[in-house]
1. Counting just the residues of the range 185-222 that are farther than 23 Å from LEU106 by Cβ and of a type in the set (Lys, Arg), which one comes out surrounded by the fewest Cβ atoms within 10 Å (Cβ to Cβ)?
2. Name the residues in the range 126-145 that are within 24 Å of the chain's Cα centre (by Cα) and surrounded by fewer than 16 Cβ atoms within 10 Å (Cβ to Cβ), would you?
3. What are the residue pairs meeting all of these: first residue in the range 236-248, first residue closer than 20 Å to ASN65 by Cβ and buried (at least 18 other Cβ atoms within 10 Å of the Cβ), second residue modelled with pLDDT of 95 or more and β-branched (Val, Ile, Thr), Cβ atoms under 7 Å, and 6 or more apart or on different chains?
4. For the range 28-114, list the helices (runs of 4 or more DSSP H) that sit wholly inside it and hold at least 2 residues that are in contact (Cβ under 8 Å) with a residue 24 or more places away in the chain and touching a Phe, Trp or Tyr at 6+ places or on another chain (Cβ under 7 Å); which are they?
5. Being at pLDDT below 90, over 27 Å from ILE162 (Cβ atoms) and assigned to a helix (DSSP H, G or I) narrows it down to one residue among LEU281, LEU288, LEU295, LEU321; which is it?
6. Just wondering, is there one or more residues in the range 270-278 that are charged (D, E, K, R) and part of a helix (DSSP H, G or I)?
7. With the condition kept exactly as written, say whether any residue in the range 45-55 is among the polar types (S, T, N, Q), surrounded by 21 or more Cβ atoms within 10 Å (Cβ to Cβ) and in contact with a Pro (Cβ under 6 Å, 6 or more places away or on another chain).
8. Where in the range 157-207 are there helices (runs of 4 or more DSSP H), lying fully within it, with 2 or more residues that are in contact with a Gly (Cβ under 6 Å, 6 or more places away or on another chain)?
Amino acid sequence: MVKLKKTFLQRIKIAAVVSVILSIIPLILFIFNLHRYMHLFIIAGVYACISTALYVQGIGTGRNNFGPQFFVALGGFTAGLSNLYLYLSPAFTLLTALSSGLIFGLATSLLTIFVGGLYYSLVTIIIPYVFLQLTYIYSGIFGGEEGIKGISPIVSTGRVIIDLTIYAYIIITFLLVYLFVMDRVLKSKYGLAFRAINENERVAMELGVNVNKYKVIIHIVTSAMMSLMGWFIAHYYKTFAGVEYLPLYILLKFYLTIALSGGLYGIIPASFLVIFIEDFLRNIFGQLNYFIFPLVMLILFLVLPTGLLGIISKQKVSEHLPIRFRRTD
């Protein structure tokens, strides 16, 4: 009991520190009127939210989803189209984006039951590609390469830095909710079931875990979490294009973040590291960034084999998502 209470207090302290740090950064950027860095902070927050959902989904289903950008695009298009054609405000488009994520999350959750290993990864790669082709074929709806434009912003005060600051605190709210709820889940009895599924589904079944139920539930929930980030992106940029969020290279950033994290709480600094390094290299090397950025990431993997949290813990975090393929499940 004492040990559990101590662990709980430690998590509360970590949560408080993370919350304070994230809350202070936008304030500093606002004071110094740093528009560009505020924008990068927001984008890093979005990637952290998506990576958090993908991380937990990988543990809960025991599978590598190579198509999370499908749900990001689904949420973005649902929010944008319902705003433009149904005249719904951002508050109501949030509900439509969430609903689309839940519905398609339920539909695709069946894949976690009937498809496994490399086949699952291949199927999830194909789904965003098919969606991307549909955005070209039905360009009258999805806008083709240009995407849909004129989406209402969540907030518009007339001052860019104030708008950016509000967006920053909105994404911080999402990130803290995602992080702390998922941390609580992973530390609960459900988290133990997820890890059992991740390690060996057959053994988990023998231990009495309802594997299919857990896989379906966590897939639906995390898919909806990703869709909400599509909602945020659509209203933040006031435009949404499939060509920007459905290609495979978007997936690379999510898994770079997860691989460099070393654990759930490492996702936040890892996402900021990935986004800021990419921006820094792009400004210096231009088009060469597409070659140099992966090279720098490779070097980071070699330097940080246990991720950013490994710097603190000095050992591999047990809950770290294993990026691997299984022949059977």
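1. LYS189
2. Just the residues of the range 126-145 that are within 24 Å of the chain's Cα centre (by Cα), to begin with: 126-135, 142, 145.
Of everything in the range 126-145, those that are within 24 Å of the chain's Cα centre (by Cα) and surrounded by fewer than 16 Cβ atoms within 10 Å (Cβ to Cβ) turn out to be ILE126, TYR129, VAL130, GLN133, LEU134, GLU145.
3. GLY242/THR135; TYR245/VAL72
4. Values: elements: 35-61, 69-85, 90-109, 111-114.
Ranges flagged: 35-61, 69-85, 90-109.
5. LEU288
6. Let us first name the residues in the range 270-278 that are charged (D, E, K, R), namely 278.
Add one more test, that the residue is part of a helix (DSSP H, G or I), and what stays is 278.
The answer is yes; a qualifying residue exists.
7. We begin by selecting, within the range 45-55, every residue among the polar types (S, T, N, Q); these are 51-52.
Now narrow it down to the ones that are surrounded by 21 or more Cβ atoms within 10 Å (Cβ to Cβ): 51-52.
Pick out the ones that are also in contact with a Pro (Cβ under 6 Å, 6 or more places away or on another chain) and you get none.
There is no residue in the range 45-55 that is among the polar types (S, T, N, Q), surrounded by 21 or more Cβ atoms within 10 Å (Cβ to Cβ) and in contact with a Pro (Cβ under 6 Å, 6 or more places away or on another chain).
8. 160-186, 189-199
The values are calculated or read from the model by the stated rules, or taken from the named source; none is laboratory data. In this text the structure is predicted, and so the values were computed from the model without any measurement. Counting neighbours? That spans all protein chains shown, and the Cβs are built from the backbone with ideal geometry, glycine included.
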